[in-house]
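To keep things clear, I will list the structure first and then write my remarks on it.
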Amino acid sequence: MLKVKNLQASVEGTNILKGLNLDIKPGEVHAIMGPNGSGKSTLGYVLTGRDGYQVQGGSVEFNGKDLLDMEVEERAHEGLFLAFQYPVEIPGVSNMEFMKESVNVARQHRGQEALTAAEFLKKAKEACKQVELPVEFLKRGVNEGFSGGEKKRNEIMQMIMLEPQLCILDESDSGLDVDALQVVAKGVNSQRDGKRSFIVVTHYQRLLDYIEPDFVHILSQGKIVKSGDASLAKEVEASGYAWLGQEAESEE
Ligand code: ADP
Ligand code: MG
Ligand code: MG
């Protein structure tokens, strides 16, 4: 589904990603861990085509197409979704209208008919229930005045509604208490269907107790320096990143 080869990218003239490789097949969950500043969010931004991120080299194939050649909207239409580490507030745009427009555009690109108002409302209410967000939140401005945890749950609500193919979750667990963490994990797990794939960026092993990853990768200084199964996350939890840092440095 996703083939990232030797990806190099910079922000404002600083090289951040320095030859990143990642191969994701349909249905797989890949966790990406790594110290602060290692480039985890940058990877999500480069894949989704955020402004200001320059690709210096390498390639990214998504469903056999050149992802880096696509506009931001095209990437979304192809089924790429990013749950932001810091979700943005869009005051004045109702969550409901925002979602309705987005869902129907996504459906159109999948060759599906637009949802009627009643169908949409039913689906939206179900999604809210799944992430334990009161339905009243649909009437508020997108993320406007939401608490940190509510924003994260709203991101997962959007993910459930949009039915993307590849979901990138950037620290959707940060700042959450254990209850909220479980809600987020349940929302993600409900969307695992053997075809949809996930990149789960996290600082802590804790989330991976609830979202069981097929692979765990450690990102350090813009490269994946180690890959393994779920046990690698436990290793990191126990021993931190210092030893990985040294390994990464000695590779250069
Ligand atoms: P992570 O998500 O792993 O914590 P990021 O991808 O957010 O790391 O950041 C990687 C590096 O890129 C950091 O050193 C950060 O300071 C740097 N960086 C991010 N945005 C900018 C920017 N706009 N200008 C310069 N450096 C940036
Ligand atoms: Mg960070
Ligand atoms: Mg980050």
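Read-outs: derived from the displayed coordinates by stated rules, not from any lab. The shown structure was predicted, so the numbers you read here are calculated from the model rather than taken from an experiment. Neighbour counts run over all protein chains shown; Cβ positions are idealised from the backbone, glycine included.
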TODO: Could you list all residues from segment 1-49 that are more than 10 Å from ligand 1 (Cβ to nearest atom) and part of a loop (DSSP other than H, G, I, E, B)?
DONE: Met1, Lys25, Pro26, Gly27, Glu28, Gly49
Open item on the list: One residue is enough: does segment 195-203 have a residue meeting the conditions within 16 Å of ligand 3 (Cβ to nearest atom) and of a type in the set (Ser, Thr, Tyr)?
Closed with: yes
Task: Conditions (1) hydrophobic (A, V, I, L, M, F, W, C); (2) outside any loop (DSSP other than H, G, I, E, B); (3) over 22 Å from Gly44 (Cβ atoms); number of the one not met by Met157 - done: (3)
TODO: With respect to Leu7, determine if the residue is more than 16 Å from ligand 3 (Cβ to nearest atom) and either hydroxyl-bearing (Ser, Thr, Tyr) or more than 17 Å from the chain's Cα centre (by Cα) (or both).
DONE: yes
Task: Scan of segment 163-179 for residues that are surrounded by fewer than 20 Cβ atoms within 10 Å (Cβ to Cβ) and more than 16 Å from ligand 2 (Cβ to nearest atom), ordered by number - done: Glu163, Gln165, Asp177, Val178, Asp179
Open item on the list: Return the residues of segment 160-181 that are farther than 18 Å from Phe120 by Cβ and not in a loop (DSSP other than H, G, I, E, B); say none if nothing qualifies.
Closed with: Leu166, Cys167, Ile168, Leu169, Asp170, Val178, Asp179, Ala180, Leu181
Task: Condition broken by Glu136, with the remaining ones in (1) outside any strand (DSSP E or B); (2) surrounded by 13 or more Cβ atoms within 10 Å (Cβ to Cβ) satisfied - done: (2)
Task: So Val183, is it over 22 Å from Leu207 (Cβ atoms) and among the β-branched types (Val, Ile, Thr) - done: no
- [ ] Any chance you could count how many residues in segment 210-243 are over 23 Å from Asn6 (Cβ atoms) and either small (Gly, Ala, Ser) or within 18 Å of the chain's Cα centre (by Cα) (or both)?
- [x] 11
Open item on the list: Consider segment 182-213. How many of its residues are over 25 Å from Lys18 (Cβ atoms), part of a loop (DSSP other than H, G, I, E, B) and of a type outside the set (A, V, I, L, M)?
Closed with: 8
- [ ] Mind listing just one residue for me: the one in segment 70-103 that is without any contact (Cβ under 8 Å) to a residue 12 or more places away in the chain and closer than 15 Å to Met157 by Cα and, of those, farthest from ligand 1 (Cβ to nearest atom)?
- [x] Glu97
Task: Filtered residue count, segment 18-68, keeping only those that are surrounded by fewer than 17 Cβ atoms within 10 Å (Cβ to Cβ), at negative phi and within 16 Å of ligand 2 (Cβ to nearest atom) - done: 2
